[in-house]
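Here the structure comes first, spelled out in structure tokens, and everything after it is commentary.
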Amino acid sequence: MTEKKCRWGVLGAAAIAMKNWDSIRNSGNGQVVAIASRSKERSEAFIDACQLSRPVAERPDAVEGYQALLDRDDIDAVYIPLPTGLRKEWVIKAAQAGKHVMCEKPCAVSVSDLNEMLDACRENDVQFMDGVMYMHSKRLAALRDVIDDENNLGQLRRIQTHFSFCAPDEFIQNNIRVSSDLEPQGCVGDLGWYTIRMCLFVMNYQLPKTVSGRQLGEHGRADSPNPVPMEFVGELQFDGGVSAGFYNSFRTEHQQLVHVSGTKGNLQLHDFVLPYFGNELGFEVNKPVFNVNGCEFVMERHRTQHTIAEYSNNAPDAQEVNLFRNFSNIVLSGEIDPFWPEASLKTQIVMDACLASARQGGATIELTE
């Protein structure tokens with residue numbers, strides 16, 4: 001007997017969808033059935049490119065128009081990598097069509113839009129999840145174990161996260177991430193979704209009491225009605241005296257840092273979003289000791305390296321494959337997991353508040369549960 005699989009449709013031919021074609025291919029419990037784009041020719045070209053790189057035995061159908069894909073009865077779930085400015089409409093339509101929704105990030109233009117999207121998913125009893133791949137890595141569970149054991153870091157005091165890349169000229173001039181119509185949050189939506197989510201993860205998804213944000217640079221491509229954030233810093237204040245900061249930029253070269261500081265030590269992770277190539281993921285815990293003996297002042301390094309056997313990409317245990325495998329398992333189980341939409345909503349709440357603060361010159365914004 002053939003094991004039942006989650007039947008996937010993809011709305012849009014974005015570059016990230018090529019990676020996730022392979023993720024579904026490697027998941028073991030999912031199958032890409034159809035690709036929809038604005039034209040059938042574009043869908044066919046996308047399928048041709050994916051088949052050339054990572055072929056599947058049953059070629060998916062090329063579909064013209066997103067609604068035509070949603071109207072099919074051989075689709076269980078849809079992956080939606082459309083621009084954020086278009087996402088609300090198609091998430092709601094997908095939910096109304098009874099399709100489970102994997103949504104690229106940032107999920108929405110605003111908290112109010114995301115609430116409408118999540119309401120539609122709840123009303124139609126479909127799963128919603130955002131596409132944060134590192135949430136599905138085995139490394140995250142190892143981080144949780146280390147953070148929760150006070151013998152390692154002690155009492156938490158500070159979280160710092162960075163995620164950036166230095167955008168080339170072609171990106172600056174043409175990419176959708178510098179269009180306020182398509183991606184109005186700029187680097188905060190594209191990169192900050194990850195850094196904010198990591199801060200929330202460390203704090204067990206407790207919302208901060210207050211947030212603030214400052215925009216350090218902005219830009220819009222020629223047809224953009226308004227500029228979007230190109231470089232941004234945010235500060236979060238949590239109950240218990242824990243603070244968190246995040247930095248996102250299209251103006252500084254690749255960095256994806258997490259640094260968690262406590263009363264007994266600190267944790268460092270240098271590739272938390274896109275793991276460095278290899279078959280192991282890692283992080284380190286540092287507990288330096290400062291000794292003074294007369295004229296000798298010595299700082300001793302005490303470092304523990306933690307490693308997890310997990311391939312970085314394009315393998316059956318890679319985090320992007322686990323993302324789609326885990327989602328497909330939820331769909332096939334028939335049970336909705338409320339954690340995932342709640343995590344998305346909290347991330348959106350913090351992101352929106354930081355952007356609102358920046359528009360008010362860095363004013364402190366209070367949050368309530």
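Each reported figure results from applying straightforward, stated rules to the coordinates on display, with no laboratory input. This is a predicted model, so every value here is computed, not measured. Note: ideal-geometry Cβ built from the backbone for every residue, glycine included; neighbour counts use all protein chains shown.
Quick one: would you say residue 252 is more than 24 Å from the chain's Cα centre (by Cα) and either exposed (fewer than 14 other Cβ atoms within 10 Å of the Cβ) or not charged (D, E, K, R) (or both)? Against the criterion (more than 24 Å from the chain's Cα centre (by Cα) and either exposed (fewer than 14 other Cβ atoms within 10 Å of the Cβ) or not charged (D, E, K, R) (or both)), residue 252 does not qualify.
Applying the selection to segment 246-287, what residues are more than 19 Å from residue 160 (Cα to Cα) and out of contact with any strand residue (DSSP E or B) (no Cβ under 6 Å at 6 or more places or on another chain)? Listed by number, the residues that qualify are 276, 277, 278, 279. Evaluated against (1) out of contact with any Lys or Arg (no Cβ under 9 Å at 6 or more places or on another chain); (2) among the charged types (D, E, K, R); (3) assigned to a loop (DSSP other than H, G, I, E, B), residue 253 falls short on exactly one condition, (3). Does segment 179-194 contain at least one residue that is surrounded by fewer than 21 Cβ atoms within 10 Å (Cβ to Cβ), closer than 17 Å to residue 248 by Cα, of a type in the set (Phe, Trp, Tyr) and touching a helix residue (DSSP H, G or I) at 6+ places or on another chain (Cβ under 8 Å)? Looking for residues that are surrounded by fewer than 21 Cβ atoms within 10 Å (Cβ to Cβ), closer than 17 Å to residue 248 by Cα, of a type in the set (Phe, Trp, Tyr) and touching a helix residue (DSSP H, G or I) at 6+ places or on another chain (Cβ under 8 Å), one finds none in segment 179-194, hence no. Scanning segment 221-245 for residues that are in contact with a strand residue (DSSP E or B) (Cβ under 6 Å, 6 or more places away or on another chain) and of a type outside the set (S, T, N, Q) gives 227, 229, 230, 231, 232, 233, 234, 235, 236, 242, 244, 245. For the residues 59, 42, the requirement of being in a loop (DSSP other than H, G, I, E, B), over 30 Å from residue 115 (Cα atoms) and not small (Gly, Ala, Ser) singles out 59.
Being among the hydroxyl-bearing types (Ser, Thr, Tyr) and in contact with a strand residue (DSSP E or B) (Cβ under 7 Å, 6 or more places away or on another chain): is that true of residue 357 here? Explain how you work it out, then say what you get.
Working: among the hydroxyl-bearing types (Ser, Thr, Tyr): yes; in contact with a strand residue (DSSP E or B) (Cβ under 7 Å, 6 or more places away or on another chain): yes.
Against the criterion (among the hydroxyl-bearing types (Ser, Thr, Tyr) and in contact with a strand residue (DSSP E or B) (Cβ under 7 Å, 6 or more places away or on another chain)), residue 357 qualifies.
Residue-level check: of (1) surrounded by 19 or more Cβ atoms within 10 Å (Cβ to Cβ); (2) out of contact with any Phe, Trp or Tyr (no Cβ under 8 Å at 6 or more places or on another chain); (3) touching a residue at least 60 places away in the same chain (Cβ under 8 Å), residue 125 misses just (1).
Could you list, in sequence order, all residues of segment 293-306 that are surrounded by fewer than 13 Cβ atoms within 10 Å (Cβ to Cβ) and in a strand (DSSP E or B)? Before the answer, list the steps.
Of the residues in segment 293-306, the ones surrounded by fewer than 13 Cβ atoms within 10 Å (Cβ to Cβ) are 293-303, 305.
293, 296, 297, 298, 299, 300, 303, 305 - these are the residues of segment 293-306 that are surrounded by fewer than 13 Cβ atoms within 10 Å (Cβ to Cβ) and in a strand (DSSP E or B).
Of note, residue 246 satisfies the criterion of being within 19 Å of the chain's Cα centre (by Cα) and aromatic (Phe, Trp, Tyr). Within segment 40-61, the only residue that satisfies the criterion of being exposed (fewer than 13 other Cβ atoms within 10 Å of the Cβ) and hydroxyl-bearing (Ser, Thr, Tyr) is 53.
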